[in-house]
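S.K.: The structure under discussion is supplied below as structure tokens; questions concerning it will follow.
The values are calculated or read from the model by the stated rules, or taken from the named source; none is laboratory data. Keep in mind that what you see is a predicted model, and the values were worked out from it rather than measured. Ideal geometry is used to build each Cβ from the backbone, glycine not excepted, and the neighbour counts take in all protein chains shown. Protein only, heavy atoms only, side chains kept; ligands, DNA and RNA dropped before computing areas. Shrake-Rupley method; radii C 1.70, N 1.55, O 1.52, S 1.80 Å.
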Amino acid sequence: MKGSYIFLANGFEETEALATLDVLRRGGLDVKTVSIHADKYVTGSHKISVVADMTYGEFKANVEFDGTDETDLMIFPGGMPGTKRLAENSELINLMRLHFLEGGTVAAICAAPGLVASQLPNLAGRKFTCFDGFEDAPIAKGAEYVKAPAVADGNLITGRGAGCAIDFGLAILAHVNGEEAAATVKHSMML
């Protein structure tokens with residue numbers, strides 16, 4: 001799958017999705033938001049509504065699925081019940097697995113490492129972080145839990161929660177465009 005996408009379901013955590021999106025776009029990445037619903041309007045867990053760039057149907061119709069590399073991103077914010085809705089979308093989960101196996105990067109924050117990314121194959125020995133209480137599923141697959149704002153381990157990037165969303169975005173940006181690009185954005189945000 002070519003490109004960079006943040007997947008949104010009703011009940012997503014607004015800060016985790018939008019702060020990450022902001023950091024990545026500041027860093028020059030062409031990231032699109034995708035509503036997994038039939039329309040582009042998605043309401044977050046704190047009742048903030050956003051208009052996604054595309055619906056899931058438009059995503060499937062317009063995305064090139066041949067070939068992928070580590071700069072191609074599938075990003076999953078946390079928030080309830082949004083994360084649960086992402087995790088229950090079997091077509092999206094199967095696409096994520098294929099994307100990951102082909103070398104694409106999967107990034108998940110808060111509950112998403114435990115509910116969504118835990119469905120990835122080959123997690124044994126991978127380091128990850130997540131919101132407290134969602135670590136059991138990845139640990140059961142052999143992943144190593146680290147209490148840090150963001151953890152990058154190859155083509156798997158994870159974040160702890162809303163307060164760590166900027167760190168999570170910067171970790172993704174560093175992975176794709178390098179540490180210097182992330183440092184530039186960090187400086188421009190006065191962090």
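S.K.: Scan the stretch 126-148 residue by residue and report those that are assigned to a strand (DSSP E or B), of a type outside the set (F, W, Y) and in contact (Cβ under 8 Å) with a residue 24 or more places away in the chain.
M.R.: Within the stretch 126-148, K127 is the sole residue that qualifies.
S.K.: Within 12 Å of the chain's Cα centre (by Cα), buried (at least 20 other Cβ atoms within 10 Å of the Cβ) and of a type outside the set (S, T, N, Q): which single residue out of V116, V151 fits that description?
M.R.: Step by step, each of V116, V151 is checked, and only V116 is within 12 Å of the chain's Cα centre (by Cα), buried (at least 20 other Cβ atoms within 10 Å of the Cβ) and of a type outside the set (S, T, N, Q).
S.K.: Can you pull out the residues in the stretch 59-88 that are closer than 14 Å to Y5 by Cβ, in contact (Cβ under 8 Å) with a residue 12 or more places away in the chain and open to solvent by 30 Å² or more (accessible area, probe 1.4 Å)?
M.R.: E64, F65, T71, listed by residue number.
S.K.: Is it fair to say A124 is in contact with a helix residue (DSSP H, G or I) (Cβ under 6 Å, 6 or more places away or on another chain) and either open to solvent by 50 Å² or more (accessible area, probe 1.4 Å) or within 24 Å of T15 (Cα to Cα) (or both)?
M.R.: In short, no.
S.K.: Residue by residue through the stretch 29-84, note down the ones that are at pLDDT 95 or above, in contact with a His (Cβ under 8 Å, 6 or more places away or on another chain) and among the polar types (S, T, N, Q).
M.R.: Correct list: T55 only.
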